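**Student:** This structure is in structure tokens; I'll ask about it shortly.
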Ligand code: AMP
């Protein structure tokens, strides 16, 4: 039995605004996921530990979160819009019974905030209850969805992850792991997955290994988490990463490793996880994120030195690279731009006007440090350019004599199709402006990006594994057969977050 707390009510017909919001969601939602996953098998406090794991992974998604627990027979689930700390209290956690649990945090930019897209997604199959938590984007989900809907499948969400559950439910294989393997061998793209069955947990990474997934141990229990910072918080010991193409089956305290997916193309770990997305205290593939960011700052300094009085980071994204830059150049590092930590990421705001406002709310310059100084301003990336326009102007109005912008990644020229939220190509400032034009737009005295060659060399030298840098190079390792037409979705709208009509 699956008891998902998410109650879906139906509302038809839709108003023109609702129609257009839904149409936008159909278009956009599919390609805009950033997520974190967590799972624990064989622990007395499974739901509580999962809550803590998600707490540590909150940076990977702030829109919705969920936990599903299993007592070996039944699943209980709670999913909600909002942050982990606001969603789960001790009462809710105590209702999530059992020694096994998985959890998920999710963020999507476009369309409405939708509870029906919250994960883990739960279902009853003839093989028992299953719940799935997915990080990454599938590139053939629309085609699979069409095919399944053509054969009568009814989807309850607009999320591509649901296709995996449908494939699993329809598989003719016998065991749940074989059905799962059957399902994931049909999907293409990026997936780090955790599946909860009645008494077992299965974790898997796609053959390219786009997204991270680590294995740990806690008091004899097995733990899987998107990042090692979640293992650190719960005091779990890091065991190893799940390999690209590996399926790990955990049941009755034992772990079995299966390698059903041939690694034809080689590993393509997402370099943007290192540049921006992952927490700096995490180790991805045994390499610390903070250390790599610092190294990129050093490489940037060697490529684009400049005479200056101080290196200032854009907090927090530019911190490690700015330190690396400052160390390499021998220029003092100062956090002369302070960040208000109680403001949500400006990127999340949907309207341009709010985003601009958000930058001002978020950062403030310390005039006494900046007056008359030549500043090197370091950030990890430029997306639309909005942040830097405001920050450069802010530094100047605080008295900075020169502002030289240094970016510790190459120009972002293309969207990510594998699970990092990026705006459309047209909105990416570097996709339609030259470096000189961007320098002028942001009002900097000079602007330099890390070169693609520099990034690739650092990755080769430091990480020693294949990377995906499609957002910088336009070279996408898995062809993106995006069907631009929106999938046929059931026309309903979840209104559980709205007050009851009087
Ligand atoms: P923008 O103002 O649009 O140029 O955004 C640049 C800022 O967004 C930088 O400080 C980046 O660290 C940050 N950033 C880059 N990629 C993302 C992303 N996928 N989600 C949220 N923030 C991002």
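**Student:** Does residue 214 qualify as being surrounded by 24 or more Cβ atoms within 10 Å (Cβ to Cβ), within 21 Å of residue 469 (Cα to Cα) and in contact with a strand residue (DSSP E or B) (Cβ under 7 Å, 6 or more places away or on another chain)? Give the derivation first.
**Tutor:** Values: surrounded by 24 or more Cβ atoms within 10 Å (Cβ to Cβ): yes; within 21 Å of residue 469 (Cα to Cα): no; in contact with a strand residue (DSSP E or B) (Cβ under 7 Å, 6 or more places away or on another chain): yes.
Judged against the criteria, residue 214 is not a match.
**Student:** Looking only at residues in segment 175-206 that are surrounded by fewer than 21 Cβ atoms within 10 Å (Cβ to Cβ) and part of a loop (DSSP other than H, G, I, E, B), which one is nearest to the chain's Cα centre (by Cα)?
**Tutor:** In this case the residue turns out to be 188.
**Student:** Now for a different question. Answer yes or no as to whether residue 426 is in the same structural domain as residue 369 (by TED's automatic domain parsing) and out of contact with any helix residue (DSSP H, G or I) (no Cβ under 8 Å at 6 or more places or on another chain). Even if it seems obvious, please write down each step before you answer.
**Tutor:** Values: in the same structural domain as residue 369 (by TED's automatic domain parsing): yes; out of contact with any helix residue (DSSP H, G or I) (no Cβ under 8 Å at 6 or more places or on another chain): no.
No; evaluated as a whole, the condition is false for this residue.
**Student:** Further, regarding this structure: Based on what the data block shows, is residue 303 touching a strand residue (DSSP E or B) at 6+ places or on another chain (Cβ under 8 Å), modelled with pLDDT of 95 or more and under 28 Å from residue 476 (Cβ atoms)? It would help to see each step written out before you state the result.
**Tutor:** Numbers: touching a strand residue (DSSP E or B) at 6+ places or on another chain (Cβ under 8 Å): yes; modelled with pLDDT of 95 or more: yes; under 28 Å from residue 476 (Cβ atoms): yes.
Here the answer is yes, as residue 303 does meet what is asked.
**Student:** Are any residues in segment 188-197 at pLDDT 95 or above and farther than 20 Å from residue 106 by Cα, and if so, which ones?
**Tutor:** The answer is 197, and nothing else.
**Student:** Going through segment 140-164 one residue at a time, which ones are under 18 Å from residue 261 (Cα atoms) and assigned to a helix (DSSP H, G or I)? Even if it seems obvious, please write down each step before you answer.
**Tutor:** So the first thing to find is which residues in segment 140-164 are under 18 Å from residue 261 (Cα atoms), and the list is 140, 164.
If the condition is that a residue be under 18 Å from residue 261 (Cα atoms) and assigned to a helix (DSSP H, G or I), then 164 is the only one that fits.
**Student:** Does residue 160 fit the bill of being over 20 Å from the mean Cα position of the chain (by Cα), assigned by TED's automatic domain parsing to the domain that holds residue 248 and in contact (Cβ under 8 Å) with a residue 40 or more places away in the chain? Full working, then the answer.
**Tutor:** On the way: over 20 Å from the mean Cα position of the chain (by Cα): no; assigned by TED's automatic domain parsing to the domain that holds residue 248: yes; in contact (Cβ under 8 Å) with a residue 40 or more places away in the chain: yes.
Considered against the rule, which asks whether it is over 20 Å from the mean Cα position of the chain (by Cα), assigned by TED's automatic domain parsing to the domain that holds residue 248 and in contact (Cβ under 8 Å) with a residue 40 or more places away in the chain, residue 160 comes out as no.
Table: residues versus (1) within 14 Å of the ligand (Cβ to nearest atom); (2) under 25 Å from the mean Cα position of the chain (by Cα); (3) over 21 Å from residue 384 (Cα atoms); (4) assigned by TED's automatic domain parsing to the domain that holds residue 468.
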position: 258; (1), (2), (3), (4): no, no, yes, no
position: 296; (1), (2), (3), (4): yes, yes, yes, yes
position: 302; (1), (2), (3), (4): no, no, yes, yes
position: 306; (1), (2), (3), (4): no, no, yes, yes
position: 309; (1), (2), (3), (4): no, no, yes, yes
position: 325; (1), (2), (3), (4): no, no, yes, yes
position: 331; (1), (2), (3), (4): no, no, yes, yes
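**Student:** Say whether the condition of being part of a helix (DSSP H, G or I), without any contact (Cβ under 8 Å) to a residue 40 or more places away in the chain and in contact with a helix residue (DSSP H, G or I) (Cβ under 9 Å, 6 or more places away or on another chain) is met by at least one residue in segment 101-120. Can you show your working first?
**Tutor:** Within segment 101-120, the subset part of a helix (DSSP H, G or I) is 115-117.
If we keep only those that are without any contact (Cβ under 8 Å) to a residue 40 or more places away in the chain as well, we get none.
Within segment 101-120, none of the residues are part of a helix (DSSP H, G or I), without any contact (Cβ under 8 Å) to a residue 40 or more places away in the chain and in contact with a helix residue (DSSP H, G or I) (Cβ under 9 Å, 6 or more places away or on another chain).
**Student:** Next question, about the same structure. Only one of these is at pLDDT below 95 and touching a strand residue (DSSP E or B) at 6+ places or on another chain (Cβ under 9 Å): 445, 481, 469, 421. Name it.
**Tutor:** Values: 445 fails: at pLDDT below 95; 481 fails: touching a strand residue (DSSP E or B) at 6+ places or on another chain (Cβ under 9 Å); 469 fails: at pLDDT below 95.
Just a single option satisfies the conditions, and that option is 421.
One line per residue, one yes/no per condition, for (1) free of Cβ contacts under 8 Å to residues at least 60 places away in the same chain; (2) within 13 Å of the ligand (Cβ to nearest atom):
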| position | (1), (2) |
| --- | --- |
| 372 | yes, no |
| 383 | yes, yes |
| 390 | yes, yes |
| 400 | yes, no |
| 420 | no, yes |
| 425 | yes, no |
| 432 | yes, no |
| 435 | yes, no |
| 439 | yes, no |
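**Student:** Something else now. Which number in (1) farther than 27 Å from residue 49 by Cβ; (2) buried (at least 22 other Cβ atoms within 10 Å of the Cβ) marks the one condition that residue 284 misses?
**Tutor:** The number of the failed condition is (1).
**Student:** Ok, one more. Do the conditions hold for residue 229, that is, is it in contact with a helix residue (DSSP H, G or I) (Cβ under 7 Å, 6 or more places away or on another chain), under 19 Å from residue 105 (Cβ atoms) and in contact (Cβ under 8 Å) with a residue 24 or more places away in the chain? If you could, list the steps in order and put the result at the bottom.
**Tutor:** Values: in contact with a helix residue (DSSP H, G or I) (Cβ under 7 Å, 6 or more places away or on another chain): yes; under 19 Å from residue 105 (Cβ atoms): yes; in contact (Cβ under 8 Å) with a residue 24 or more places away in the chain: yes.
So residue 229 fits the description; yes.
**Student:** Oh, and also: Starting from residues that are in contact (Cβ under 8 Å) with a residue 60 or more places away in the chain and part of a loop (DSSP other than H, G, I, E, B), keep the ones in segment 268-280 and report whichever is nearest to the chain's Cα centre (by Cα). Don't jump to the end; show me each part of the working.
**Tutor:** Of the residues in segment 268-280, the ones in contact (Cβ under 8 Å) with a residue 60 or more places away in the chain are 268-279.
If we keep only those that are part of a loop (DSSP other than H, G, I, E, B) as well, we get 268, 278-279.
Numbers: 268: 16, 278: 8, 279: 11 Å.
Looking at residues that are in contact (Cβ under 8 Å) with a residue 60 or more places away in the chain and part of a loop (DSSP other than H, G, I, E, B), I get 278.
The values are calculated or read from the model by the stated rules, or taken from the named source; none is laboratory data. As the structure is a computational prediction, the values presented were derived from the model and not from experiment. In this analysis, Cβ positions are derived from the backbone assuming ideal geometry, glycine residues included, and neighbour counts consider all displayed protein chains.
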